[in-house]
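Input: a single structure, listed below in structure tokens.
Bear in mind these aren't lab numbers, they're just calculated from the coordinates by the rules spelled out. Please read these numbers as outputs of a predicted model, since none were measured by experiment. All Cβ positions, even for glycine, are placed from backbone atoms using ideal geometry, and neighbour counts span all protein chains on display.
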Amino acid sequence: MVDLQVNIGALSLKNPVTTASGCFGYGSEYSDFMDISRLGAVFTKAVTKENREGNPSPRMAETPSGMLNSVGLQNKGVEYFISHIYPSLHQYDTVFIANVSGSTLDEYVEVAERINDLEGIPAIELNISCPNVKKGGMVFGTNGESAAEVIRAVRKVYRKTLIVKLSPNVTSIPAFAKTAEDAGADAVSLINTILAMAIDAEKRKPVLATVTGGLSGPAVKPVALRMVWEAYHSVNIPVIGIGGIRSASDAIEFMLAGATAIQIGTANFVEPAVSVQVLEGIMAYLERHGFSSVRELIGNLEMPEGFERFRPKTF
Amino acid sequence: MVKKKIEDFLVTGNHRLNTEYFVLTLRSEHSLPAIFPGQFAELRVDHAGNPFLRRPISFFDVDREQHEIRLLIQEVGAGTQQLSMLDPGDTLNMIYPLGHPFTMVEGKDFLLAAGGVGIAPMLLLGRTLKQAGKRPVFLFGFRSEEQVFDLSAFEALGEVYITTEDGSMGKKGMITGHPILETGIFDGCYSCGPEPMMKAIAKIADGKDIFCEVSLENMMACGIGACLCCAQPTLHGMKMACVDGPVFNTKELLW
Ligand SMILES: Cc1cc2nc3c(=O)[nH]c(=O)nc-3n(C[C@H](O)[C@H](O)[C@H](O)COP(=O)(O)OP(=O)(O)OC[C@H]3O[C@@H](n4cnc5c(N)ncnc54)[C@H](O)[C@@H]3O)c2cc1C
Ligand SMILES: Cc1cc2nc3c(=O)[nH]c(=O)nc-3n(C[C@H](O)[C@H](O)[C@H](O)COP(=O)(O)O)c2cc1C
Ligand code: FES
């Protein structure tokens, strides 16, 4: 049996295959199709301080090899999460990681503080990269100083594993990854969706009610791969790779680029059991290539001769 | 709640009704789970990933003995066009049965008002009503005669009234202008089709103070309540059309 276990800071995952925030509900939506307990972890839908209704419809547009969404952090708030959702998570033998979102620094801090008290949740993913909220969200993730400030503030109150989810909507991933590390993150995850737009030519109208939304799915994979690779070479904390993963090969590519674990998002909508298929494909790959541990894949990328080891120019 | 399944169906028939509509017949190796009128399936159109997302399609008819289901589909874009090219012997992957079905309520006479491909869920609904000893009356709107297909399956269940926008068949105009809406006495109505049509039907039902349910066609990505893309504002907050709907009581909707 190959060793599949990976570590994200102090947190141990039984394997690197996890599902992305907003793309897997709270797990139960998928339990008819697969065994949730086989996952390394489940990242929950965003949790905010108060109930949020999200954005108006239409919230979705299909695009070549992907989709745009403008859901906008719809959730019932942290108190509801604690009283109604958290108790149901124990039935699965996997790690649940709460995706913490907000519009103000205080909101992030308050939600993180509340979730810190939940014994069954060993980590949070700080979402400073949602493109679909007017205030906060990506504003924190695309301004270095605000990002540092919110991460530091959360770090003060949150004592378990703190993962910071990075936005691709920045000019320098290395700079933001470094900012997160310096501000106290135990790991970074990337990418969140890419700010994008769809237009209905016949109606001469934007497709989404919010005009712009976030692009996800296979279309973003090459961009995400490059960004994960850059992040890996910029920090000394684990990187979690996200973006367009729908096969074992995709997942392995992210690990070779430097990811310690991966998240599967949009692909769940198309193939509800895709995460288990990815896990099985990784196991087969490891055996086929004679690896004894999945950790041997992390950053194990053979570079073309003469290629200088990655030296980020911008920080 | 019935467990949702993901399954490869065998295509056993693909029948063209006219230039726009076709009926796919699909067979399961297993006996079918309970399927109720108004429920739908998410069809995987192409394994090459183009179009990328699944397509939501209502159940048109179910033959439990043959383990067969039928889907009435209108060709509108790339996905439905690919579905129209399926041949007997091909397989089609589906997630099903999905969504909250039409509800059966007290009363005897029910109007089933649909426009275009909104007709799809009305056959199963009509049959279920009839089996429950109720009287379904169908009112269908088409653009023109070319869109109209053989409606004998409906005629076997109840009266069928037709309107066409150009008057080439049945009454001229929209279904909302059909005299049956004034002269008929109904205990409730069910509707599926373009949103303006459903809104108009809902308004008429409201005026008569009778029960009214509609089936919405919000854009969906997952179909199982995970992505929150198909949001529908209601009196009781944001609901998901794929799990709380697609069928909603019109009194609930914030239209
Ligand atoms: C619950 C539900 C049940 C449905 N039942 C049926 C049915 O029984 N028969 C049938 O023919 N169609 C049905 N539809 C509509 C069908 O899903 C769309 O027509 C189909 O997805 C279009 O795919 P396409 O690739 O051919 O077109 P696209 O190229 O994707 O789009 C063509 C046009 O169709 C519209 N469209 C695309 N996706 C949807 C969608 N999810 N809902 C509504 N409109 C859409 C778009 O606005 C666009 O203008 C149903 C939709 C829902 C939500
Ligand atoms: C419908 C939808 C909802 C999402 N909701 C969230 C969210 O609440 N919080 C978050 O951090 N990311 C959210 N995301 C982003 C995903 O977690 C992921 O970062 C992104 O989709 C890229 O991965 P993918 O291509 O595998 O989907 C959402 C994505 C989609 C498609
Ligand atoms: S389509 Fe995903 S929640 Fe309804």
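Below, the figures for the structure above:
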{"read-out": "Of A:Ser189, A:Ser88, A:Ser129, the one that fluctuates the most in a GNM where chain A has Cα springs shorter than 10 Å", "value": "A:Ser88"}
{"read-out": "Rounded Å value of the spacing that divides the Cα centres of segment B:1-27 and segment A:210-277", "value": "33"}
{"read-out": "Segment B:82-95 - phi-based ³J(HN,Hα) in whole Hz, Karplus 6.51/-1.76/1.60, Gly and Pro as x", "value": "5, 4, 5, 9, 5, 10, x, x, 6, 10, 9, 8, 9, 9"}
{"read-out": "Helix axis angle, B:122-131 relative to chain B longest principal axis, alpha carbon, degrees", "value": "70"}
{"read-out": "Alpha-carbon spread of the protein assembly as shown, three principal axes, descending order, Å", "value": "77, 50, 45"}
{"read-out": "Anchor B:Lys251: lysines whose Cα lies under 20 Å away (excluding residues fewer than 8 positions away in-chain)", "value": "B:Lys199, B:Lys203, B:Lys208, B:Lys239"}
{"read-out": "Cut-off under 5 Å, modelled amide H: who pairs with A:Ile245 long-range", "value": "A:Gly265"}
{"read-out": "Alpha-carbon centroid distance for the pair segment B:185-227 / segment A:1-64, whole angstrom", "value": "33"}
{"read-out": "For B:Thr80, A:Thr104, order by how many other beta-carbon atoms lie within 10 Å, fewest first", "value": "A:Thr104, B:Thr80"}
{"read-out": "Charge tally in the Cβ shell below 15 Å around B:Lys134, where Lys, Arg are +1 and Asp, Glu are -1, B:Lys134 excluded", "value": "-1"}
{"read-out": "Angle between chain B longest axis and helix B:195-208 axis [Cα atoms, degrees, rounded to 10]", "value": "40"}
{"read-out": "Size of electric dipole in chain A: Cβ of Lys, Arg +1 and of Asp, Glu -1, about Cα centre, debye, nearest 20", "value": "680"}
{"read-out": "Length released on extending from A:Leu118 to A:Ser12, taking residue separation times 0.36 nm less the Cα-Cα span", "value": "36.4 nm"}
{"read-out": "Nonlocal amide H pairs with A:Val100, under 5 Å, H built at 1.01 Å", "value": "A:Val47, A:Glu125, A:Leu126, A:Asn127"}
{"read-out": "Test item: A:64-76 mean partner chain Cβ contacts at 10 Å", "value": "3"}
{"read-out": "Amide N of segment B:216-233 lying under 17 Å from the label point, which is placed 7 angstrom from the Cα of A:Lys203 along Cα→Cβ", "value": "B:216-221, B:229-233"}
{"read-out": "Segment A:215-305 shape via C-alpha gyration tensor axes, a/c threshold 1.5", "value": "oblate"}
{"read-out": "Stokes-Einstein diffusion coefficient of segment B:109-215, Kirkwood radius over Cα pairs, 4 °C, 1.567 mPa s, in µm²/s", "value": "96"}
{"read-out": "Neighbouring partner chain Cβ atoms per residue of B:227-239, average, 10 Å criterion", "value": "6"}
{"read-out": "Segment B:128-181 versus segment B:69-85: alpha-carbon centroid distance in Å", "value": "22"}
{"read-out": "Exposure proxy order (Cβ contacts within 10 Å, fewest to most) of A:Trp229, B:Trp255", "value": "B:Trp255, A:Trp229"}
{"read-out": "10 Å Cβ neighbours from other chains, averaged over peptide A:48-60", "value": "4"}
{"read-out": "Chain B, relative contact order in percent, only Cα pairs under 8 angstrom and at least six apart counted", "value": "18"}
{"read-out": "Prolate/oblate/rounded label for segment B:216-255 (Cα gyration tensor, a/c 1.5)", "value": "prolate"}
{"read-out": "Residue exposure sequence - A:Glu271, A:Glu305, A:Glu50 - by fewest surrounding Cβ within 10 Å", "value": "A:Glu305, A:Glu50, A:Glu271"}
{"read-out": "Mean separation of Cα contacts under 8 Å (6+ apart) over length of segment A:1-43, as relative contact order %", "value": "40"}
{"read-out": "Calculated Rg and Dmax of segment B:5-98 using C-alpha coordinates, Å", "value": "12.2, 34"}
